[in-house]
Amino acid sequence: MMLNVSRRQSRQIELLTPAHHEAGHAVILVDGGISVESVQLFKSERGASRPYWGHVSTGLEVEECSRQQLEVCGVCAFAGAEAEAFYLMLVGFTQAEALDLAYSGAEDDLATLFREVLPRLRLQPEYLRSSAANAVHAQWPRIERIAAVLAVRMQVGPRDLG
């Protein structure tokens, strides 16, 4: 879909999209009792499919997680895409377009989920996705606030996530 937006608005959407994605991950982790060390955005290499990408640092090793922590990580894997999709719908994309774009950008998150988390959890991915969507909607004002700060500073820490 081609939105009718100015070049400036387009650049803002390109930056705020991954900011919302990473903020979605971070809020779910913090709410689930997992400490977040930092959330960062990075400018992509020229020619990349997305101009920015992000990362949430926890210091957590999946193999050392409790079942409860694994479930939080499972919900977190979907929360980034769900937050991104919700933001894209707010700026004019249809639900189908927003979900398609958001989940196409969450391939690494979901690969880690299917490789490292789901085999140990024995939960259906749809349960985790649904839980993520509900959590993102419940925490939307906080996710939006964190995404706005992240888009300006390119990094937020634990004090910014409360």
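The values are calculated or read from the model by the stated rules, or taken from the named source; none is laboratory data. Note that the coordinates shown come from a computational prediction; the quantities given were computed from them, not determined experimentally. Virtual Cβ from ideal backbone geometry, glycine too; neighbours counted across all protein chains shown.
Taking (1) among the acidic types (Asp, Glu); (2) in contact with a Gly (Cβ under 8 Å, 6 or more places away or on another chain); (3) farther than 13 Å from Ala132 by Cα in turn, Glu82 satisfies each apart from (3). If you go through segment 16-51 and keep only what is within 14 Å of Ala147 (Cα to Cα) and touching a Phe, Trp or Tyr at 6+ places or on another chain (Cβ under 6 Å), you end up with Pro18, His20, Leu41, Phe42. Criterion applied to Leu161, Leu128, Leu118 was being over 21 Å from His20 (Cα atoms) and among the aliphatic types (A, V, I, L, M), and the one residue passing it is Leu118. Counting the residues of segment 22-48 that are touching a residue at least 24 places away in the same chain (Cβ under 8 Å), assigned to a loop (DSSP other than H, G, I, E, B) and touching a Pro at 6+ places or on another chain (Cβ under 8 Å) gives 3.
Yes or no, residue by residue, for (1) assigned to a loop (DSSP other than H, G, I, E, B); (2) without any contact (Cβ under 8 Å) to a residue 60 or more places away in the chain; (3) more than 23 Å from Gln68 (Cα to Cα):
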| residue | (1), (2), (3) |
| --- | --- |
| Asp100 | no, yes, yes |
| Tyr103 | no, yes, yes |
| Thr112 | no, yes, no |
| Glu126 | no, yes, no |
| Ser130 | no, yes, no |
| Asn134 | no, yes, no |
| Pro141 | no, yes, yes |
| Ile146 | no, no, yes |
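When the residues of segment 85-105 are narrowed to those that are in contact with a Phe, Trp or Tyr (Cβ under 8 Å, 6 or more places away or on another chain) and among the aliphatic types (A, V, I, L, M), which ends up farthest from Asn134 (Cα to Cα)? Applying the filter and picking the extreme gives Leu101.
Let me confirm something: among Gln124, Gln68, which residue is farther than 18 Å from Val36 by Cβ, of a type in the set (S, T, N, Q), surrounded by fewer than 19 Cβ atoms within 10 Å (Cβ to Cβ) and at pLDDT 90 or above? Show your work before the answer.
Working: Gln68 fails: farther than 18 Å from Val36 by Cβ.
Being farther than 18 Å from Val36 by Cβ, of a type in the set (S, T, N, Q), surrounded by fewer than 19 Cβ atoms within 10 Å (Cβ to Cβ) and at pLDDT 90 or above holds for just one of Gln124, Gln68, which is Gln124.
For Ala85, which of the numbered conditions (1) touching an Asp or Glu at 6+ places or on another chain (Cβ under 9 Å); (2) under 19 Å from Pro141 (Cβ atoms); (3) of a type outside the set (Val, Ile, Thr); (4) touching a residue at least 24 places away in the same chain (Cβ under 8 Å) fails to hold? Among (1) touching an Asp or Glu at 6+ places or on another chain (Cβ under 9 Å); (2) under 19 Å from Pro141 (Cβ atoms); (3) of a type outside the set (Val, Ile, Thr); (4) touching a residue at least 24 places away in the same chain (Cβ under 8 Å), Ala85 violates only (4).
Looking at Val27, is it modelled with pLDDT of 95 or more, crowded, with 24+ Cβ neighbours inside 10 Å and hydrophobic (A, V, I, L, M, F, W, C)?
Numbers: modelled with pLDDT of 95 or more: yes; crowded, with 24+ Cβ neighbours inside 10 Å: yes; hydrophobic (A, V, I, L, M, F, W, C): yes.
The answer is yes for Val27.
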